[in-house]
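Presented below is the structure to which this report refers.
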Amino acid sequence: MYQTVLDAEAGGGSAALRDLHLSAYRFMLQARLLDEKLASLYRAGKIHGGVFLSRGQEALSVSIGVSLRKTDVFSPLIRDSAGRLAFGESILDALQTCLGSALGPMRGRDGNVHRGRPRDGYLAMISHLGAMISVVNGTLFARRFKGITDAVGATCIGDGGTATGAFHEALNQAAVEKLPLVLVVANNQYAYSTPNDREFACADLADRAVGYGVTPHSVDGTDLSACLEVMGRAVAQARAGGGPQLVVASLLRLCGHGEHDDAGYIDPRIKNSPLGRDCLKVAEDILLSRHWADASELASWRNEAVRAIETTVARVQREPAPDPFAEQWTAVAGTDLRETHEELGV
Amino acid sequence: MSITYLEAIREAQAVALRDDPRVFIYGQDVGAFGGAFKATKNLAKEFPGRVFDAPISEDAMVGLAVGAAIEGLRPIIEMQFADFSTAGFNQIVNQAATLFWRTNVPCSLTVRLPFGGTSGSGPFHSQSLETIYAHYPGLIVMTPATVEDAYSMLIAAVAIDDPVIFCEHKFLYYHLKAEALPSEALPIGKARIAREGRDLTIVAYSAMVHEALAAAAELAPEGWQIEVVDLRTVKPLDTDTVMASVARTGRLLCVGEAWPWGGVTAEVIARVASEGFGLLDVPPQRLNAKDTPIPYHPNLWAAHRPTARAIAAAARKMLRL
């Protein structure tokens, strides 16, 4: 079950497939290295608030990013560093947000994983789980309303988030409207610290798709090749008018919920099972065994990514922090609709 | 010919659909059926592909509207009753209300809330929720009291770049009539002097404006000239007009149909007390619904919310001081 689906092709594969793997791997690597940098900045006290890493979920996430077009919609969740980069987010946007630069897309108003550029189809998540799914539905509904029929929208959630009412309402809504939604569930076995058996009672989360009239897909989330194949198929089916697709991936989060969490609750038996494989290592093995890359190329890509991250960190650390005296303290867009009353400043 | 408050709301949506191709309506039973109150009657037929029935999913309804707004459309969401908007509360206050501030992308959508008490409607079809929405930064909260305002303010709501909570009072739907629809209106955010007076200011909004006007009429033969200020929007709140009125009268009574703890009436009094304390001749007072769920039986309901008689009684006490 955990063999890559491509092994069956016995060393073959087209150049396009190789290039897809190489591109995906390099985004995974960038994401992992970016995560490691964020963790060290956090430990050094350079980051305000939380840091949430994607370790162990890069293969699944990147497969979404590389399967989408830049004109599609992507609403990532907490562990989608790789998918974000693959969809087109710059390392600069990521670091400006995490380090609270006034020049970043969130201008210090929100941080860490709460970043995006909605005008570019790249939505900025709120913390309430399941809430982004219907928003993606809305973008797809709007595009169809405007006569754009070839767009796909993808969004992610964890096993824990599938228990929310918002998840149910939105998936049902997508099915009723036959929207080209790809909803990706990363079943990383724990909702924060709560194991699957305290979250849901069905045998497999993918079974839920049938109840909604949605197409199910299951995939080994530690296997890049499997993720690329399944996600590519789900996105293609959605784009071809097949309606919403529910992709459920099995994997394990190889870190705490955030960097404040030592993840001591994770059962060692799961860690030592195939679910506990490091998807980045699995991806490297695929590239090496298929002779799509050699060790020196892997090393040079790593050095290149580290340089890009270090250069960007140095740049962002020189950028100004938001200035409370220059801040526009209003949440409404209409300048004539702002409250004129002000409480006494202190 | 006359037009009701409800018909004005329907006409305003027809105008919005006709004038702006980005507008669509989404809500439960709003399509061929025309809505639970018929506020979208015939709109699905007149504007094909622009009016959509939604599943009973208030959360997803608002979420879809936010996504559509991100894409530049201008959705109108009909909540069947304001009470049920709490099932979509998260999307309104955390998604729609924060979008512009977080991302610089305006979130132009209108959520229509048929609200307020009508006899026999009980605890879950009668609520006034303007306070909880006004509490959240990023939302505009409208509470039209007249047929003219219901019409012009709803057209304005759709054109505004911010999420608007449009509180339309069910008690006014059929009772309130006007001869014609207006061609111009006060700007959004400006209160209106509904009746001029010099002895006491009653600040009210939505259906309570009419109770206040009736109270003012009741007090006139006793020699009292009561000024009634119709807030029109509770957020933004036109503190200037309220303050100017209190400067004329020296007495302030705030009336709201919502529950007493916190709320619009408390906000108005807090602002006048902090900025215009010297204008007040007597302590400002407020009158709200009782602090219980809204009762079903007409006898209880009539005593639960402020009425003209209760307002007049409160005003008399203040005038004697």
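Does residue A:77 satisfy the condition of being open to solvent by 10 Å² or more (accessible area, probe 1.4 Å) and out of contact with any Asp or Glu (no Cβ under 9 Å at 6 or more places or on another chain)?
So residue A:77 fits the description; yes.
Looking at B:320, B:309, B:316, which one is more than 20 Å from residue B:260 (Cα to Cα), modelled with pLDDT of 95 or more and either more than 20 Å from the chain's Cα centre (by Cα) or not assigned by TED's automatic domain parsing to the domain that holds residue B:217 (or both)?
When all the criteria are applied, what remains is B:316.
Restricting to segment A:128-145, name every residue that is more than 7 Å from chain B (Cβ to nearest Cβ), over 14 Å from the mean Cα position of the chain (by Cα) and open to solvent by 10 Å² or more (accessible area, probe 1.4 Å).
Selection gives A:144 alone.
Which pairs have Cβ atoms under 6 Å, sit 6 or more apart or on different chains, and link a residue in segment B:87-99 that is more than 8 Å from chain A (Cβ to nearest Cβ) to one that is surrounded by fewer than 22 Cβ atoms within 10 Å (Cβ to Cβ)?
Listed by first residue and then by second, the contacts come to B:93/B:136.
Given the criteria part of a helix (DSSP H, G or I) and out of contact with any His (no Cβ under 8 Å at 6 or more places or on another chain), does residue B:154 qualify? Full working, then the answer.
Working: part of a helix (DSSP H, G or I): yes; out of contact with any His (no Cβ under 8 Å at 6 or more places or on another chain): yes.
Yes; evaluated as a whole, the condition is true for this residue.
Within segment B:288-306, restricting attention to residues that are in a loop (DSSP other than H, G, I, E, B) and open to solvent by 60 Å² or more (accessible area, probe 1.4 Å), which residue is nearest to residue B:215 (Cα to Cα)?
As a first pass, look at segment B:288-306 and keep what is in a loop (DSSP other than H, G, I, E, B): B:288-297, B:305-306.
Now drop any that are not open to solvent by 60 Å² or more (accessible area, probe 1.4 Å), which leaves B:290-293, B:296-297.
Details: B:290: 19, B:291: 23, B:292: 24, B:293: 25, B:296: 25, B:297: 24 Å.
The extreme case among them is B:290.
Here is a check on your reading of the model: is residue B:201 open to solvent by less than 10 Å² (accessible area, probe 1.4 Å) and out of contact with any Asp or Glu (no Cβ under 7 Å at 6 or more places or on another chain)?
no
Taking residue B:158 as the residue in question, decide whether it is β-branched (Val, Ile, Thr), within 11 Å of chain A (Cβ to nearest Cβ) and touching a helix residue (DSSP H, G or I) at 6+ places or on another chain (Cβ under 6 Å). Before you say what the answer is, go through the steps one by one.
Details: β-branched (Val, Ile, Thr): yes; within 11 Å of chain A (Cβ to nearest Cβ): no; touching a helix residue (DSSP H, G or I) at 6+ places or on another chain (Cβ under 6 Å): yes.
The answer is no for residue B:158.
Return yes or no: is residue A:124 at pLDDT 95 or above, within 7 Å of another protein chain (Cβ to nearest Cβ) and under 14 Å from the mean Cα position of the chain (by Cα)?
yes
Condition first: outside any helix (DSSP H, G or I), assigned by TED's automatic domain parsing to the domain that holds residue B:141 and open to solvent by less than 10 Å² (accessible area, probe 1.4 Å). Can you find one or more residues in segment B:78-95 that meet it?
There is at least one residue in segment B:78-95 that is outside any helix (DSSP H, G or I), assigned by TED's automatic domain parsing to the domain that holds residue B:141 and open to solvent by less than 10 Å² (accessible area, probe 1.4 Å).
Counting only residues that are hydrophobic (A, V, I, L, M, F, W, C) and either more than 8 Å from every other protein chain (Cβ to nearest Cβ) or surrounded by fewer than 21 Cβ atoms within 10 Å (Cβ to Cβ) (or both), how many does segment B:65-77 have?
Adding up the residues that qualify gives 2.
With respect to the numbered conditions (1) surrounded by fewer than 24 Cβ atoms within 10 Å (Cβ to Cβ); (2) touching a residue at least 24 places away in the same chain (Cβ under 8 Å); (3) within 13 Å of another protein chain (Cβ to nearest Cβ), which one is the sole condition not fulfilled by residue A:72?
Among (1) surrounded by fewer than 24 Cβ atoms within 10 Å (Cβ to Cβ); (2) touching a residue at least 24 places away in the same chain (Cβ under 8 Å); (3) within 13 Å of another protein chain (Cβ to nearest Cβ), residue A:72 violates only (1).
Can you name the residue in segment B:160-184 that is hydroxyl-bearing (Ser, Thr, Tyr) and open to solvent by 10 Å² or more (accessible area, probe 1.4 Å) and is also farthest from the chain's Cα centre (by Cα) among such residues?
At the first step, the residues of segment B:160-184 found to be hydroxyl-bearing (Ser, Thr, Tyr) are B:173-174, B:183.
Now narrow it down to the ones that are open to solvent by 10 Å² or more (accessible area, probe 1.4 Å): B:174, B:183.
Numbers: B:174: 16, B:183: 21 Å.
This residue is B:183.
The values are calculated or read from the model by the stated rules, or taken from the named source; none is laboratory data. Quick caveat, the model's predicted, so the values are computed rather than measured. Don't worry about glycine lacking a Cβ; one is built from the backbone with ideal geometry, like all the others, and counts go over all protein chains shown. To get the accessible areas, we keep the full protein, side chains included, count just its heavy atoms, and leave off ligands, DNA and RNA. Shrake-Rupley method; radii C 1.70, N 1.55, O 1.52, S 1.80 Å.
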